[in-house]
Amino acid sequence: MKNTVEDTLRHVQFLNRHLNTCDLQCMVVVVLLELGISTKRIGFDYMKKGILLMSEDPALLITKGVYPVIGKCYQPPASNFQVEQSIRSAISDAWSQRNCRVWGYYFPDPEDGEPKKPSNAEFISRIARILDLWQCCQKEASYETK
């Protein structure tokens, strides 16, 4: 199944209507849960923070910008390696048990072959971009109703 950006936005807006929230943090949690990321893993919290950071500043580099900021949020601070490994492990677990239809909304299958598990950077930046687009659509819709 080949999903377009419009399909993905419609899907996220569908989730949003049922949750009745415009809160970015809430939507990040919903998307991570929908993708099967376990809340029991520290990688869940790291991903949530990483997505929010990338939403604030899309130019951030994952290894030199996102991982260090995430690591400093914890006591004792987590190393870049610990952050990276925790996120990778959470993605791997969710990927191995994925619902292909749901994952297809966020990570469309390539036209030339099998889908491949996204890297940490691909995962975080893709979800951040999708939710940024969702927020823009939300703002646009609120202007139209005024």
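Quick one: ranking GLU114, GLU122 by accessible area, 1.4 Å probe, largest first, what do you get?
These residues rank, largest area first, as GLU114, GLU122.
List the trypsin sites (Lys or Arg not before Pro) within segment 27-128 that DSSP assigns to loop and that have no more than 13 neighbouring Cβ atoms inside 10 Å.
Values: sites: LYS40, ARG41, LYS48, LYS49, LYS64, LYS72, ARG88, ARG98, ARG101, LYS116, ARG126; in loops: LYS40, ARG41, ARG98, LYS116.
In loop regions of segment 27-128 (DSSP not H, G, I, E or B), the sparsely surrounded trypsin sites (Lys or Arg not before Pro) are LYS40, LYS116.
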>> Only four residue types carry charge here, +1 at the Cβ of Lys and Arg and -1 at the Cβ of Asp and Glu. Report the dipole size of segment 37-146 about the Cα centre in Debye, rounded to the nearest 20.
In response: 420 debye
> How large is ³J(HN,Hα), in whole Hz, for each residue of segment 112-120 in order, when computed from phi with the Karplus curve 6.51 cos²θ - 1.76 cosθ + 1.60 and θ = phi - 60°, using x for Gly and Pro?
Replying inline: 9, x, 6, x, 10, 4, x, 6, 4
> Percent of accessible area on segment 40-146 owned by carbon and sulfur, 1.4 Å probe?
Replying inline: 52 percent
> Residue separation times 0.36 nm, minus the C-alpha to C-alpha distance between GLU114 and ASP132: what's the value?
Replying inline: 3.7 nm
>> Quick check for segment 28-138: number of Lys pairs with alpha-carbon distance under 23 Å, counting only pairs 8 or more apart or on different chains?
In response: 13
>> Given the whole protein assembly as supplied and a 1.4 Å probe, what does the accessible area of SER89 come to in Å², nearest 10?
In response: 40 Å²
>> Let me cross-check LEU33: its accessible surface, 1.4 Å probe, with only protein heavy atoms counted, in Å² to the nearest 10?
In response: 90 Å²
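The values are calculated or read from the model by the stated rules, or taken from the named source; none is laboratory data. Given the structure is predicted, the values throughout are model-derived calculations rather than measurements. Counting neighbours? That spans all protein chains shown, and the Cβs are built from the backbone with ideal geometry, glycine included. Accessible surface areas use protein heavy atoms only, side chains included; no ligands, DNA or RNA. Shrake-Rupley method; radii C 1.70, N 1.55, O 1.52, S 1.80 Å.
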